[in-house]
Every structure is written in structure tokens, then in C-alpha cells.
Amino acid sequence: MLIGNLDGMTVFARVVEEQSFSGAARKLGMSKSAVSKHVTKLEDSLGIRLLNRTTRRLSLTDAGSTFYQHCARVVEEIETAEHALTDLRGTPRGTLRVSAPLTFGQMYMPQLVTEFMEKYPGLHVDIHLADHMVDLVAEGIDMAVRITRLKDSSLIARKLAEFTGHVVASPDYLAQYGEPKTPQELTEHRTISYTNIPSPNIWDFEGPEGQVSVRINPVMSCNNGEFTSIAAIRGLGIAREPEFIVAEALREGRLVPILQDYDPLSRGGIYAVYPERRHLPSKVRVFIDFLVEKFKGGLCNFHNDACVEYRKGRGRQRPTP
């Protein structure tokens with residue numbers, strides 16, 4: 001009875017996931033009326049109502065809730081079969097949706113994506129830059145680049161590179177306020193806090209006396225790492241930054257590493273993560289393989305060229321103090 005209704009089952013599943021006919025229509029590239037007709041035809045063939053419709057919202061009936069669980073599995077199997085055929089053809093197609101942190105994405109992703117699309121011109125790449133933790137499944141993201149100390153997760157992760165952090169200040173700041181010699185002295189200094197992490201105002205160190213935690217009193221806080229690094233370059237205060245953001249400023253002397261006898265314990269990994277699936281779509285697999293290849297010599301090997309391209313794209317050099 002349902003053999004001829006696979007399209008209807010697919011449309012119904014998308015309506016449930018998007019919680020609206022219009023949302024499903026956008027996702028499927030169909031008109032709203034066509035979506036509604038598919039669902040009505042499916043209900044007619046089953047002889048049972050699947051959705052309660054009002055002018056304000058949709059809700060599943062008990063039968064619809066049960067039927068959706070089966071539809072979702074059928075749609076997943078169809079997608080798996082399509083991905084398998086795509087792999088056999090050897091030409092990934094469709095839209096690849098990728099999430100990445102804002103500053104990392106601005107600095108690295110344009111060059112990476114450009115090179116990748118030269119190899120796979122049949123793909124459309126949709127980049128989402130955000131510093132908050134994106135829910136890949138809920139937001140329909142195929143994979144994400146995450147910079148973190150990886151915790152247990154339902155996501156699958158592949159490590160691309162290591163990153164380390166530095167405590168930095170500008171030469172002008174150090175000339176005016178002096179240089180702290182121990183982490184405890186940070187409480188007497190102007191500090192800048194990056195807020196998009198747990199406990200942003202507690203800085204941990206490993207030093208000669210063991211592990212030390214210092215609660216800073218920041219003069220400024222921000223949820224963007226490049227913003228805090230520019231503030232440090234301009235002499236506002238001391239910041240704790242990942243190397244990929246401040247490497248250029250350190251090399252040029254616009255920032256100076258301090259507390260070098262103490263490990264700031266702000267290291268971690270750069271990972272490609274994706275939802276657990278029985279069959280990884282070829283578009284995701286080839287992009288992850290591409291990233292692994294680009295970063296196989298470490299982040300620093302790719303850093304310089306990416307930063308040059310980043311400055312060109314912005315049409316200016318980074319701000320100087």
C-alpha cells in the first residue's frame with residue numbers, strides 16, 4: 001500500500017522535523033501547496049489522520065507520532081542508499097553545510113574552501129561561522145570544525161591539529177604597567193577575558209609550584225578572540241589567546257608572551273566533528289580527508305599563507321597600537 005507513497009513519507013517526515021509545511025517546502029524545494037497535497041494523499045491512503053492542523057501550529061496525532069518513527073528510518077535508509085551510489089560514482093554532489101568558529105573561520109576557511117571547491121566543483125559549500133556551540137543535527141549541519149578539549153559526545157571526531165595558548169600583552173602595556181612574574185600578580189593587572197568558554201575569569205597555570213588557578217578581574221570581556229587580541233595589541237590589558245590568533249602579532253613584536261615559566265593550560269585540539277551515521281556521506285568524507293591533508297604538518301604550516309589571504313580579503317593590515 002505504501003510502495004507508491006515513498007515521496008509522501010519523505011515529505012511527511014520533513015514536515016514533522018521542520019514543524020511546518022512552509023519550512024518543509026523550503027527544505028525540499030517545493031511549494032507549500034505541493035507539500036500539503038503529499039501529506040493529505042498519504043493520510044488518505046492510510047485512512048488515518050497523522051497531523052492535527054490549526055492556523056497557528058501543527059501537532060502529531062498518536063498515530064502520526066508512531067508512523068513518523070518508521071518514516072524517519074525509511075528516509076534515512078533511502079539517503080544512505082543515495083550516498084552509497086554517490087560514492088560509487090566518485091563525484092560528491094549536493095550541499096555541504098559546515099560550521100566553524102568565527103575567527104578561525106575568517107582566517108582559514110576562505111582559502112581551504114576555495115582549494116576544496118577547485119577539486120570538487122559540483123559541490124555547493126554552505127559555511128556557518130559562529131562562536132557558540134552549534135547543534136549539528138537540529139540545525140542540519142553536516143560537519144563542524146571545533147577548537148576544544150574534546151569531551152565525551154555523541155558526535156564522531158577526527159583530529160586535525162593541536163593548538164596552544166599564550167598569555168600576551170603589548171610592549172606599550174608592559175612599559176606602562178610592568179610585567180607580572182607569577183600568575184598571582186595578574187590580580188593586580190588589567191586583564192581581558194574571552195567569555196565563550198567555561199569559567200572565563202579563572203585562568204589555570206602549571207608552574208614550578210604546581211597547578212595554580214587565578215581569578216582575574218577583567219577590565220573588558222568579549223566573546224570573540226580576535227576582538228580581545230586587538231584590544232591587547234592596543235594596550236588595553238593582558239589576554240590569554242590561542243596561538244593561531246596571535247602568532248602573527250607575536251612574530252612582529254606587537255604582542256609579547258609573558259609568564260613563560262608557566263604553562264597556561266589553554267591547549268587543545270582542532271577537530272572535524274560530525275553526527276554519528278551508519279554511512280558517512282561522501283561530501284563529508286572527502287572534505288574531512290582534505291582538511292586532514294592540509295593540516296598534517298601542524299597548524300603553523302598552514303598559518304602564514306592563510307593570514308596573508310585573510311589580510312588581503314579585508315583590504316588592510318591588522319590594527320597597530
Residues of segment 116-140 classified as in contact (Cβ under 8 Å) with a residue 12 or more places away in the chain and assigned to a helix (DSSP H, G or I), total: 2
Out of (1) under 29 Å from VAL286 (Cβ atoms); (2) of a type outside the set (Asp, Glu); (3) surrounded by 17 or more Cβ atoms within 10 Å (Cβ to Cβ), the odd one out for CYS71 is which? (1)
Considering only strands (runs of 3 or more DSSP E) wholly within segment 146-221, the ones with at least 1 residues that are touching a residue at least 40 places away in the same chain (Cβ under 8 Å), farther than 30 Å from VAL286 by Cα and hydroxyl-bearing (Ser, Thr, Tyr) are 191-194
Residue under question is ARG215, and the condition is that it be surrounded by fewer than 19 Cβ atoms within 10 Å (Cβ to Cβ) and touching a Pro at 6+ places or on another chain (Cβ under 6 Å); does it hold? no
Just name the residue that is modelled with the highest pLDDT out of those in segment 193-217 that are touching a strand residue (DSSP E or B) at 6+ places or on another chain (Cβ under 6 Å) and of a type in the set (Gly, Ala, Ser). SER193
Subset of segment 158-192 [among the small types (Gly, Ala, Ser) and at pLDDT below 85]: ALA161
Per-region count, segment 96-114, residues touching a Lys or Arg at 6+ places or on another chain (Cβ under 8 Å) and either exposed (fewer than 13 other Cβ atoms within 10 Å of the Cβ) or modelled with pLDDT under 90 (or both): 1
Considering every residue within segment 274-284, establish whether at least one is among the acidic types (Asp, Glu), at pLDDT 85 or above, surrounded by fewer than 17 Cβ atoms within 10 Å (Cβ to Cβ) and under 19 Å from the mean Cα position of the chain (by Cα). no
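The values are calculated or read from the model by the stated rules, or taken from the named source; none is laboratory data. Small disclaimer: the values here were computed from a predicted structure and weren't measured. All Cβ positions, even for glycine, are placed from backbone atoms using ideal geometry, and neighbour counts span all protein chains on display.
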